[in-house]
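Let me give you the structure first, and then I'll get to my questions.
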Amino acid sequence: MAKMAASMVEGGEDSFRKIFKFYRRRNPPPDLSDVIDFSRCAPGEQIVPVNLDTAAVSDVEATRVGLQPVREWRAFGLRGHPGFIFISDPFLRGTQPFWLQQCLKIYPQKPNICNLDMHMSPLETQDIWGQSMHSLRSSAAGKREARTLLERLRWVTLGYHYNWDTKTYSPSSHTPFPRDLHLLSAHVTAACGFPGFISEAGILNYYRSDSSLGIHVDESELDHTRPLLSFSFGQSAIFLLGGPHRQDPPTAMLMHSGDVMVMSGPSRLLYHAVPRILPPPPGRLALETGGSIQTPPPQEGSVVEPVSEEEWAVCSRYIQSSRVNVTVRQVLAPAQKFPETPRSHQTTDPGQTDGCDDGESRKRKRSSSDSPYAAETH
């Protein structure tokens with residue numbers, strides 16, 4: 001990766017953008033031999049082990065949210081990127097379907113906000129799952145002419161709803177944060193050395209096979225001392241982690257279903273991007289289920305519930321060519337309040353958008369490979 005970055009610095013275009021375009025190109029497809037795959041690697045010159053706090057989360061607490069005991073997690077860091085933690089699929093086998101179902105069925109429900117609200121009435125987007133499940137379940141063979149609402153979903157915001165235009169949060173745009181997702185996030189952050197994490201905002205991104213996430217940095221939260229969490233479900237993706245400056249060359253790594261990333265400390269404000277969605281490696285499912293839905297027996301107080309065969313048929317059909325990413329943030333420090341005048345951030349190049357483009361917005365403005373959320377280029 002270092003050799004590739006060095007060879008791309010010349011030519012007047014920053015190396016991050018060149019590497020982004022390299023991995024985004026379709027013909028010929030990029031060489032992935034330099035991409036780190038934490039599921040298959042061991043600590044070495046670039047990859048360092050991360051010691052987690054195994055006493056911060058009991059085995060019972062971990063099981064209740066579908067996680068393995070913390071002592072079983074495989075956590076890594078990258079040399080030169082202090083505060084970055086990559087946890088290779090810490091979920092118990094058979095529990096990812098529950099979290100995927102939450103992302104597709106529960107979290108898009110009102111009063112949460114999604115991209116479809118930009119050009120549809122709240123009544124039309126009230127039950128995205130219900131309006132989509134029959135068509136998805138019965139479409140295993142052949143293509144449908146019209147995409148379902150679920151397939152048109154690009155983003156959903158939770159808690160403090162992120163304003164894509166002003167790049168700010170506001171106390172006037174807030175709904176209760178899902179309890180189950182907060183418990184999952186709180187246990188992961190506690191194990192990583194951040195007890196007391198409060199999940200205040202979430203952004204769910206829904207990627208199709210030709211989607212990408214442009215180069216950006218997440219700095220809209222008022223408190224940057226708390227970590228940012230990222231959960232991946234479904235198809236794999238290439239993740240580029242750069243430096244504090246827009247032109248810093250990035251490191252490429254693979255994110256598979258179930259993988260968790262924690263960006264804290266100095267890594268909290270690093271530039272990053274997702275140039276490509278790609279199928280999982282041979283021998284690995286897009287979402288590990290054990291071949292069928294085999295959710296572990298629920299314990300008392302467990303938030304993970306069994307997924308019915310009918311609902312799994314919809315989820316599995318959707319995930320065949322899609323990826324869902326969930327980022328969870330703490331917006332405010334303890335006792336901190338929002339300023340009277342909202343702040344405005346410009347975290348990307350002028351003219352870039354900071355939200356997932358849906359079909360309607362692409363009619364008005366064609367997405368570029370550098371826009372933070374360039375979904376579905378044609």
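The values are calculated or read from the model by the stated rules, or taken from the named source; none is laboratory data. What you see is a predicted model; the values in this text were computed from it and never measured. Neighbour counts run over all protein chains shown; Cβ positions are idealised from the backbone, glycine included. Just so you know, the surface numbers come from the protein's heavy atoms only, side chains and all, with ligands and any DNA or RNA stripped out. Shrake-Rupley method; radii C 1.70, N 1.55, O 1.52, S 1.80 Å.
May I ask you to list the residues in region 316-350 that are touching a Pro at 6+ places or on another chain (Cβ under 6 Å) and at pLDDT 90 or above?
Passing the criteria: only F338.
Still on this structure, please answer the following. Taking G80, is it in contact (Cβ under 8 Å) with a residue 40 or more places away in the chain and of a type outside the set (D, E)?
Spelling it out, it is not the case that G80 is in contact (Cβ under 8 Å) with a residue 40 or more places away in the chain and of a type outside the set (D, E).
Just need a number here: residues in region 148-195 that are among the hydrophobic types (A, V, I, L, M, F, W, C), under 26 Å from L67 (Cβ atoms) and open to solvent by 10 Å² or more (accessible area, probe 1.4 Å).
7
Of these, D53, D117, D37, which one is acidic (D, E) and farther than 25 Å from R179 by Cα?
From the options D53, D117, D37, the qualifying one is D37.
Moving to a separate point now. Are any residues in region 287-297 out of contact with any Asp or Glu (no Cβ under 8 Å at 6 or more places or on another chain), open to solvent by less than 50 Å² (accessible area, probe 1.4 Å), modelled with pLDDT under 65 and not hydroxyl-bearing (S, T, Y), and if so, which ones?
Selection gives G290, P296.
What single numbered condition from (1) aliphatic (A, V, I, L, M); (2) without any contact (Cβ under 8 Å) to a residue 60 or more places away in the chain; (3) surrounded by fewer than 20 Cβ atoms within 10 Å (Cβ to Cβ) fails to hold for M118?
(2)
If you don't mind, another one. Residues of region 33-79 being among the charged types (D, E, K, R), surrounded by 12 or more Cβ atoms within 10 Å (Cβ to Cβ) and assigned to a loop (DSSP other than H, G, I, E, B), which ones?
D34, D37, D53, R74, R79
Restricted to region 204-227, and to residues that are among the aliphatic types (A, V, I, L, M) and buried (at least 23 other Cβ atoms within 10 Å of the Cβ), which residue is modelled with the highest pLDDT?
L204
Same structure again: I'm told P30 meets every condition in (1) modelled with pLDDT under 95; (2) surrounded by fewer than 17 Cβ atoms within 10 Å (Cβ to Cβ) except one. Can you identify the failing condition by its number?
Unmet condition: (2).
Can I ask one more? Look through E300, E310 and report the one residue that is outside any loop (DSSP other than H, G, I, E, B), modelled with pLDDT under 95 and among the acidic types (D, E).
E310
Quick one: how many residues across region 52-94 are among the β-branched types (V, I, T) and under 20 Å from S236 (Cβ atoms)?
Residues that pass the stated criteria total 2.
Right, another one. Please count how many residues of region 170-212 are among the charged types (D, E, K, R) and in a helix (DSSP H, G or I).
Residues meeting the conditions: 2.
For region 83-124, which positions are part of a loop (DSSP other than H, G, I, E, B) and over 20 Å from Y160 (Cβ atoms)?
Within region 83-124, S88, D89, P90, L92, R93, G94, T95, H119, M120, S121, L123, E124 meet the criteria.
A further question on this structure: Does D89 meet the test of being without any contact (Cβ under 8 Å) to a residue 40 or more places away in the chain and of a type outside the set (K, R)?
Answer is no for this residue.
Any idea which residue in region 80-104 is nearest to R137 (Cα to Cα), counting only those that are β-branched (V, I, T) and open to solvent by less than 10 Å² (accessible area, probe 1.4 Å)?
Only one residue fits best here, namely T95.
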